[in-house]
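As structure tokens, the structure follows; a few thoughts come after it.
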Amino acid sequence: MSDQNNTEHKRAAQNIEFSVSAQGAPVEELSYEQARSELMQVVSRMESGSSNLEETIALWERGEQLATRCEAWLDGARQRLTAAKEARSSSDTE
């Protein structure tokens, strides 16, 4: 990507506004609910077709980050449930 295109891409990413204050925050700081809510807004904006190419690319990239964050939260929840089931199972057999 040329320097000019990179600058335009960064500018487009900065101009994307969301309705919830946590949105636009670093993805790793978002709760599952915050990441999911912002992801739904990203999808809605992309589906509307109202964004130009640079904004659409920025939305896509943010959406990928948000989806990864949601998956990480869900994976963590699955691990906790599995551990709780195993602990319960162990205590039931004693």
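The table that follows gives values for the structure above.
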{"read-out": "Selection from segment 68-83 of residues that are over 20 Å from Gln41 (Cα atoms) and either open to solvent by less than 60 Å² (accessible area, probe 1.4 Å) or touching a strand residue (DSSP E or B) at 6+ places or on another chain (Cβ under 7 Å) (or both)", "value": "Gly76, Ala77, Ala83"}
{"read-out": "Any hit, segment 68-83, residues being in a helix (DSSP H, G or I), at pLDDT 95 or above and acidic (Asp, Glu)", "value": "yes"}
{"read-out": "Residue ID - modelled with the highest pLDDT, chosen from residues in segment 1-23 that are open to solvent by 60 Å² or more (accessible area, probe 1.4 Å) and out of contact with any helix residue (DSSP H, G or I) (no Cβ under 8 Å at 6 or more places or on another chain)", "value": "Asp3"}
{"read-out": "Residue in segment 46-67 that is surrounded by the fewest Cβ atoms within 10 Å (Cβ to Cβ), counting only those that are over 13 Å from the mean Cα position of the chain (by Cα), touching a residue at least 24 places away in the same chain (Cβ under 8 Å) and in a helix (DSSP H, G or I)", "value": "Ile57"}
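The values are calculated or read from the model by the stated rules, or taken from the named source; none is laboratory data. Just so it is clear, the structure is predicted and the values come from calculations on it, not from any experiment. Note that we place each Cβ from the backbone using ideal geometry, even for glycine, and neighbour counts take in every protein chain shown. The protein model used for the area step is the full one, side chains on, heavy atoms only, and it has no ligands, DNA or RNA in it. Shrake-Rupley method; radii C 1.70, N 1.55, O 1.52, S 1.80 Å.
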